Amino acid sequence: MTRPRIVLASLTGLAVFGLLWEGLVRLFDVKPFILLAPSEIVAELGNAPARYTEAALVTARHAALGVIIALVVAVLLGAALAASRFAEQAAQPVLMIILVAPWVAYFSSIAIWLGAGDPPVVFLAAFVTTPAFVFAAVAGMRSADPAARELLASVDASRWEVLWRLRLPSALPAILAAARYTVGLALAAAYYGEGGNLSTAGLGAIGDRAAAAQFGPALWATVISTVVLGVVFLAVITIAERVLLHWHASQRDTALPRSVR
Amino acid sequence: MTAISLSGVTKRFGRIHALAPIDLTVDDGEVVTVLGPSGSGKTTLLRLVGGLEAPTSGTVTVLGGDAGRARAAKQIGFVPQAPALLPWRTVAQNARLLLDVNRRVPVRGGPSPDELLADVGLSDFAGAYPHELSGGMRQRVALVRAFALGAPLLLMDEPFAALDEITRADMRHLLARLCELSATSVLFVTHSIAESVFLSDRVAVLSLRPGQIVGAVDVALPRPRQPELEDDPAFFAVETRLRALLHEGAGR
């Protein structure tokens, strides 16, 4: 498909979705707190643009910081685990536990431990996204071409050089693929953390107060703001893939004729 | 001086006896090919010389010392079976990979990678990425990468095995030319008789497992080697002798 057609198709999908949403809410007269019509969400955002923009920036910072910390931890940990099967096996169950543990439940403990403000929120966002990044990093580093490893060994490349020149670039496609999933998770964690935290900043804090007061417009305005943040994050990852993975098969248009695709 | 000297070298992997005692020398500037069927331990032999594997018994001397020391000093230019180009590096960047890696060892000032690329007809592709190249072109980059290291010893592990017959012929002609331009010693491993005759000063034939040298043939054909040589009766004569040795080694 050509680019204009792709854009057209995407916009059509969104328009149909929005119209259905608006129509159903009006037709069945749904209570605002249960589901707010898109037109009213837009109106609420328009009432206090500065409030939502500021809150969105706070949430974006929490989530982005969490993802970046998780990424650094995962690369370092991944390099260590990729070098030793034993260490990988030892870490596997721990990472699995972190991955499936209900962070909604244990967050209050983190909040008490780290106090009010940014630290517990960033910690949660980093903590929940680390396992997926580690799995991706280990799998990606293991996939490094054995012939290239042998070639680097033939000139006695150091472990660090093998990591930097071969293992890390080999792991990049998997790490960026994992990032597509983890940004959503990080935003959810940041939103929840802001709500359950004693701080008053961020979309989650607005959402928490709106929920307590059963005030639909503010709640749904934060939902849509978080969605917008997620889309922006995904766009950033897509650009990163274009730039960093231009050499990778995933970034190439298939040259195959339609019949054999 | 001898570039490589193997004496009584054996290698076992658990219960598999890969190499029976092997004695082999490669003199300075000499091109020696080890010719053998698949599974005769050719690659293992090359890995032993490259210091990537330790022998079970016997001694491996490379450039007057231990193989591991030669490896640490970046004195070995290795051409693997697969080109092993890094897909995120351009042709020019891949050509200088071995120079960029392990900077603890001072650069020797070998031939420039760019000139070598021009020499093998890849100047126009210096900025291209490996996925844009044909198989033969990729293997040419791998050759340039090894020669650019300026190492006194080159080890080549069936580098043309995956290429079609026509490209293989072009590649061995090109490699013979590169070898004649540089004074490096070469240990080449292959299962192609034509390749071994065209490139080498001497061919050692390896038997099936455990790999053992069943005989060596001096290739007294004139240098520089020209492609026309492959139609020469003298060329056929060497090929015939090697074929007989191969059959002997295979126990047929």
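We did not get these values from a lab; they are worked out from the coordinates using the rules stated. Remember, predicted model here, so these are calculated numbers, not experimental data. We place every Cβ from the backbone using ideal geometry, glycine too, and count neighbours over all the protein chains shown.
Quick notes on this one:
- Taking amide H as placed 1.01 Å from N in the peptide plane, B:Leu154 has its amide H under 5 Å from the amide H of B:Gly77, B:Ser185, B:Val186, B:Leu187, each at least 5 places away in sequence or on another chain.
- Couplings for the range B:204-219, taken from phi via the Karplus curve 6.51 cos²θ - 1.76 cosθ + 1.60 with θ = phi - 60°, read 9, 9, 9, 8, 5, 3, x, x, 8, 7, 8, x, 10, 10, 7, 9 Hz in order; Gly and Pro are left as x.
- Summed over all non-identical Cα pairs, the Kirkwood treatment of the protein assembly as shown gives a radius of 27.4 Å.
- Entry note, chain B: relative contact order of 26 percent, from Cα contacts under 8 Å with a spacing of 6+ residues.
- The trypsin sites (Lys or Arg not before Pro) of the range B:65-111 meeting both criteria, a DSSP state outside H, G, I, E and B (loop) and at most 14 other C-beta atoms within 10 angstrom of the site's C-beta, are B:Arg103, B:Arg104, B:Arg108.
- Alpha carbon Rg of the range B:1-117, scaled by the compact-globule rule 2.2 N^0.38 Å: 1.19
- Spatial separation of Cα centroids for the range B:1-73 and the range B:165-184, in angstrom: 23 Å
- Whole-Hz couplings from phi, Karplus 6.51/-1.76/1.60, listed for the range B:51-65; x for Gly and Pro: x, 8, 8, 9, x, 6, 8, x, 10, 10, 10, 10, 6, x, x
- Taking the centroid of alpha carbons for each part, the range B:95-111 and the range A:211-255 are 43 Å apart.
- Mean residue ellipticity at 222 nm, helices only, the protein assembly as shown: -18500 deg cm²/dmol; runs of at least 4 DSSP H residues each add -39,500 (n - 2.57), and the sum is divided by the number of residues.
- Residue-by-residue Karplus 3J(HN,Hα) for the range B:71-87, coefficients 6.51, -1.76, 1.60, Hz, glycine and proline x: 5, 5, 8, 6, 9, 10, x, 10, 10, x, 4, 8, x, 6, 7, 7, x
- Database remark: amide H of B:Thr25 closer than 5 angstrom to the amide H of B:Leu6 (H placed geometrically; neighbours at sequence offset of 5 or more, or on other chains; Pro and chain starts carry no H).
- Whichever lysines have a C-alpha closer than 30 Å to that of B:Lys11, once near sequence neighbours (fewer than 8 apart) are set aside: B:Lys42, B:Lys74
- Close amide-amide hydrogen proximity is noted between B:Thr56 and B:Thr10, B:Lys11, B:Arg12, each under 5 Å apart and 5 or more residues distant or on a separate chain (H modeled in the peptide plane; Pro and chain starts excluded).
- For residues of B:142-150, the mean tally of beta carbons on other chains within 10 Å: 1
- Note on the range A:9-96: Rg/Rh from Cα positions, Kirkwood definition for Rh, rounded to two decimals, is 1.27.
- Rounded if a/c under 1.5, otherwise prolate or oblate - the range B:104-190, Cα gyration tensor axes: oblate
- Prolate/oblate/rounded call for chain A, Cα gyration tensor, a/c under 1.5 rounded: oblate
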